[in-house]
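The values are calculated or read from the model by the stated rules, or taken from the named source; none is laboratory data. If you're wondering where the values come from, they're calculated on a predicted model, not measured in any experiment. FYI the Cβ positions are ideal-geometry reconstructions off the backbone, even for glycines, and counts take in every protein chain you see.
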Number of protein chains: 2
Amino acid sequence: MGISERKTRERSERERRIIVAARTIAERDGWASVTIRRLAEEIEYSQPVLYSHFENRDQIVGAVALEGFGELAVILRAAIGPSSTAKERVEDVATAYLDFAFARPAMYEAMFVLPTGLRFARSDTPPQLRDGFGAMATVIAPFAQDVDTATETFWAALHGLAELERHGRIRPAFRAQRITLIMRMVSGQL
Amino acid sequence: MGISERKTRERSERERRIIVAARTIAERDGWASVTIRRLAEEIEYSQPVLYSHFENRDQIVGAVALEGFGELAVILRAAIGPSSTAKERVEDVATAYLDFAFARPAMYEAMFVLPTGLRFARSDTPPQLRDGFGAMATVIAPFAQDVDTATETFWAALHGLAELERHGRIRPAFRAQRITLIMRMVSGQL
DNA sequence: TTGACAAATTAGCGTCGCTAGATTATTTAG
DNA sequence: CTAAATAATCTAGCGACGCTAATTTGTCAA
C-alpha cells in the first residue's frame with residue numbers, strides 16, 4: 001500500500017518547508033527572528049510539531065547549515081576555471097568563497113558561527129561537510145607538501161577575512177588586495 | 001565638596017563590579033548564563049540599575065570585550081622577543097594570539113563574535129581597539145609593502161585559525177604546523 | 001463498532017530582556 | 001527646620017522565548 005509512503009513523503013515535505021522557512025526568515029530578518037513560534041505559524045502547524053522533526057532550535061539551524069555546505073562546495077568547484085593556472089585557481093576559489101560569505105551572511109553564520117549540533121571530522125559526518133574542503137584542497141595541492149594542513153590554513157585565512165569584514169573590523173575596499181596577498185603567499189612569492 | 005566625587009566614584013565602582021561579574025560568569029558558564037537577572041543578583045542591586053550603566057545587555061558584553069582588547073594588545077607586545085629575528089617575531093605574535101584565544105574563549109567570543117555595539121575604525125574608536133592591530137603591524141612591517149593590508153590579512157588568518165579550531169573544524173594537533181605555514185607564507189618561502 | 005495507536009493541539013512552565021510606575025532617599029529652597 | 005523638588009532605586013509586570021505535559025482528534029485493525 002502507498003498510504004504509508006504518502007505519509008512519509010508528506011512528512012519530509014513538511015520538514016523541507018520548515019528548513020526553507022528558517023532559511024528565508026534568517027536571510028531577511030536575521031537568525032534572532034527565526035523562532036519556533038514563527039516557524040510554526042509559517043508552516044501552519046502548532047509548535048510541538050517542529051519537535052517531531054528536530055530535537056531543538058539548534059538542529060534547525062544545523063539543517064540549514066548543511067544545505068549551505070552543499071551549495072558552497074558546488075560553488076567552489078564551479079569557480080575553478082578549467083583553463084586557469086594553478087595560481088589563478090587559488091584566486092578563483094578564494095574569491096568565490098568570500099562572494100558566498102558576503103552574498104549570504106545568514107547562511108554563512110549558520111554554517112560557521114551559530115551552534116548547530118553538526119558533527120565534523122567523524123565517521124558519520126555528512127559528505128556536504130567534506131566536499132567544500134575537498135574543493136579547496138584541489139587548488140592548494142600543487143603548492144603544498146602537507147595538503148590537509150595547508151588547506152586548513154588556507155580555509156582559516158578565508159574564514160578570518162570573511163568574519164572580520166562582516167564585523168566591520170577590516171576595510172571592505174581592500175578585499176581584493178587581501179585576496180591577492182593570500183594568493184601570493186600560497187604560491188610562495190610575497 | 002567631595003560628596004559628589006564619592007558618588008561618582010561609588011557609581012563607577014559599581015559599574016566595574018558589573019563588568020567583572022559578567023566576565024567571571026561568562027568564563028565559567030558561558031555567555032548564555034550572563035543574564036541581567038543574574039548580574040543584578042551578583043552586585044546586589046535590582047535589575048533596572050544595570051540599565052542606568054548600560055543601554056542593554058550587548059553593551060555589557062562590549063565593556064568586557066573592550067577590556068579584552070586592552071589585554072590582548074599587552075600580551076602581543078610582550079610576546080615580541082627583543083632578540084628574535086623578524087621571522088621569529090611573527091611566530092611569537094601568532095602563537096601568543098592563539099594562546100590568548102584558546103585560554104580565554106569567552107573573552108575571545110565577546111571580542112570577535114558576539115554583538116557588542118563597539119564601533120571600529122571611527123574617530124571615537126577607543127585606543128584598545130587599535131593597539132592590538134598596532135602590535136601585529138609591528139612584526140608584519142618588515143615583510144610588507146602595504147603594512148595595513150598585510151596586517152589585516154595576517155590578523156584574519158589568525159582569527160580564522162582560532163575560530164575554526166574553537167568550533168572543531170580543524171585538527172587541534174596540527175596547530176603548530178599551521179602557524180609554521182603562516183609564518184613561512186608571511187616571510188615568503190613556502 | 002470498538003479499542004489501540006498515532007498525530008496534532010491546547011495550555012502552560014520557567015526564563016529572558018526590558019520598562020512603567022511607585023517608592024524611598026537626598027538635595028535644594030523658603 | 002521644614003517642605004517641595006529631584007534623584008536613586010525598587011516592585012511588578014509585559015511580551016516573547018524554548019520547550020513539554022496533558023489532552024484531544026484522527027486513523028486504522030480486530
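What the table below lists for this structure:
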| quantity | calculated |
| --- | --- |
| Residue within region B:142-152 that is on the phi > 0 side of the Ramachandran plot and either β-branched (Val, Ile, Thr) or without any contact (Cβ under 8 Å) to a residue 24 or more places away in the chain (or both) present | no |
| Residues located in region A:34-45, provided they are surrounded by 12 or more Cβ atoms within 10 Å (Cβ to Cβ) and either away from DNA strand D (no atom under 14 Å from the Cβ) or part of a helix (DSSP H, G or I) (or both) | A:Ile36, A:Arg38, A:Leu39, A:Ala40, A:Glu41, A:Glu42, A:Ile43 |
| Single residue of region A:52-78 satisfying the filter (away from chain B (no Cβ under 14 Å) and within 15 Å of DNA strand D (Cβ to nearest atom)) that is farthest from A:Arg119 (Cα to Cα) | A:Ser52 |
| Unmet criterion (only one of (1) within 16 Å of DNA strand C (Cβ to nearest atom); (2) touching a residue at least 60 places away in the same chain (Cβ under 8 Å)) for A:Ala40 | (2) |
| Cross-chain or 6+ apart pairs with Cβ under 8 Å, region B:12-33 first and outside the structural domain of B:Val61 (by TED's automatic domain parsing) and surrounded by 17 or more Cβ atoms within 10 Å (Cβ to Cβ), then among the polar types (S, T, N, Q) and in a helix (DSSP H, G or I) | B:Ile25/B:Ser33; B:Ala26/B:Ser33 |
| B:Val49 in the same structural domain as B:Glu13 (by TED's automatic domain parsing) and within 25 Å of B:Arg119 (Cα to Cα) | yes |
| Those residues of region A:80-98 which are in contact (Cβ under 8 Å) with a residue 24 or more places away in the chain and part of a helix (DSSP H, G or I), in sequence order | A:Ala86, A:Lys87, A:Arg89, A:Val90, A:Glu91, A:Asp92, A:Val93, A:Ala94, A:Thr95, A:Tyr97, A:Leu98 |
| Failed item in (1) of a type in the set (S, T, N, Q); (2) more than 11 Å from chain B (Cβ to nearest Cβ); (3) over 13 Å from the mean Cα position of the chain (by Cα), with A:Thr151 passing the rest | (2) |
| Criterion: surrounded by fewer than 19 Cβ atoms within 10 Å (Cβ to Cβ), within 12 Å of chain B (Cβ to nearest Cβ) and in a loop (DSSP other than H, G, I, E, B) - qualifying residue of A:Pro115, A:Pro142, A:Pro126 | A:Pro115 |
| Selection from region B:1-11 of residues that are in a helix (DSSP H, G or I) and either within 12 Å of DNA strand C (Cβ to nearest atom) or surrounded by fewer than 10 Cβ atoms within 10 Å (Cβ to Cβ) (or both) | B:Ile3, B:Ser4, B:Glu5, B:Arg6, B:Lys7, B:Thr8, B:Glu10 |
| Every residue from region A:154-190 that is more than 7 Å from chain B (Cβ to nearest Cβ) and among the small types (Gly, Ala, Ser) | A:Ala162, A:Ala173, A:Ala176, A:Ser187 |
| Any hit, region B:161-184, residues being assigned by TED's automatic domain parsing to the domain that holds B:Phe100, surrounded by fewer than 17 Cβ atoms within 10 Å (Cβ to Cβ) and closer than 16 Å to A:Glu165 by Cα | no |
